[in-house]
Amino acid sequence: MSRILFYPHLRDVLRRLPEHYKRRYLEAHASQPINYIKTSPKLVGRTIQMENLAPGEYYDVPPKVMYPPESDRCLWAGEGIVVGNAQKNEMSDIYPRAWRPKLLQHLFYSEILNRWMTIIVTDRALQLIEQCGGLDYYILSTSESELHSRLGMHLKRDMLLRLISDDFCADDSQRRNTLLKKYSKFILPREEADWIGLTLEEAVKKQVKLEHEAAKSKIRPLKLVFAEDMLDQPKSTDHKQDTIPSSKSVLSADGILSRIWHKTKPDQTPEQSG
């Protein structure tokens, strides 16, 4: 369970997430694990040999699979560490055991990103990459639940953003057209491709940042508002004459400088004050 659910002020942000992200998130977390065998109603509570004769022992408990943090930096193709119990023979004791996938280090080339990468993969991931004909096609065609890797989802987002970028194979138009035709069914809009591979915490941070930038863009500094108001005012000579006093009125007998020089009141003249 994500820790975001414990913060009430972030639950509203979860509702405002894009619909395509919520759909992908639910599909990735509601899918069955790989190699999962569905329950057969005929065999529930009975053995295979005694199908309908008498009740028997039948355990339909899926194995416990662990995904260590190192699996996010590799391509395990949905595999993990299976934890369970083992027994050498019927007379020996049952002891705990863990089955780990076989890991191999291989060098891969991405024709979309145009670079070589050294990635740790499992046997199953290597077989799937060979069946797809390359790393790019495997990454783009595999769902998030089967990849189960942060590295794989980051590569998928980088590939999708690279396909829709303007500078993609700008120096070789023939190669660009070939790759776009080959991966045309995986191309997504930029608004949707930018959310691929984000965790719930990263998606909430991104949504909050986008909303903050949208609200900030609507705010205009007051200096710009006042400047536009001044430019919109009518520029007439009468308005200037009414607002700006002339030099003669300032220096006249009734002016401010005249009253200060002769020390007179507004209703007196210099002769009366003398």
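The values are calculated or read from the model by the stated rules, or taken from the named source; none is laboratory data. Just so it is clear, the structure is predicted and the values come from calculations on it, not from any experiment. Neighbour counts run over all protein chains shown; Cβ positions are idealised from the backbone, glycine included.
Output the residues belonging to region 75-93 that are part of a strand (DSSP E or B) and over 12 Å from Pro63 (Cα atoms).
Looking only at region 75-93, we keep the residues that are part of a strand (DSSP E or B), and these are 75, 81-86.
Answer for region 75-93, where residues must be part of a strand (DSSP E or B) and over 12 Å from Pro63 (Cα atoms): Leu75, Ala86.
Scan region 188-213 and report the pairs whose first residue is in a helix (DSSP H, G or I) and whose second residue is surrounded by fewer than 13 Cβ atoms within 10 Å (Cβ to Cβ) and among the polar types (S, T, N, Q), with Cβ atoms within less than 6 Å and a gap of 6+ or a chain change. Close Cβ pairs (under 6 Å, with a partner that is surrounded by fewer than 13 Cβ atoms within 10 Å (Cβ to Cβ) and among the polar types (S, T, N, Q)) amount to Leu200/Ser2.
For every residue, the table says whether it meets (1) touching an Asp or Glu at 6+ places or on another chain (Cβ under 6 Å); (2) closer than 29 Å to Glu202 by Cβ; (3) at pLDDT below 60; (4) exposed (fewer than 10 other Cβ atoms within 10 Å of the Cβ).
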| position | (1), (2), (3), (4) |
| --- | --- |
| Leu14 | no, yes, no, no |
| Tyr25 | no, yes, no, no |
| Ser31 | no, yes, no, no |
| Ile48 | no, no, yes, no |
| Leu53 | no, no, yes, yes |
| Pro69 | no, yes, no, yes |
| Glu79 | no, yes, no, no |
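Pairs only if they're at least six apart or on different chains, beta carbon under 9 angstrom, first in region 76-100 and closer than 30 Å to Glu144 by Cβ and without any contact (Cβ under 8 Å) to a residue 24 or more places away in the chain, second acidic (Asp, Glu) and exposed (fewer than 14 other Cβ atoms within 10 Å of the Cβ); list them, first residue then second. Qualifying pairs under 9 Å: none. Going through (1) more than 20 Å from Ala28 (Cβ to Cβ); (2) surrounded by fewer than 18 Cβ atoms within 10 Å (Cβ to Cβ); (3) under 25 Å from the mean Cα position of the chain (by Cα) one by one, Arg176 falls short only on (3).
Please verify whether Ser141 is farther than 22 Å from Pro68 by Cβ, at pLDDT below 95, surrounded by fewer than 17 Cβ atoms within 10 Å (Cβ to Cβ) and among the small types (Gly, Ala, Ser), treating the condition exactly as stated. So that I can check it myself, show each step before the final result.
Details: farther than 22 Å from Pro68 by Cβ: yes; at pLDDT below 95: yes; surrounded by fewer than 17 Cβ atoms within 10 Å (Cβ to Cβ): yes; among the small types (Gly, Ala, Ser): yes.
Yes.
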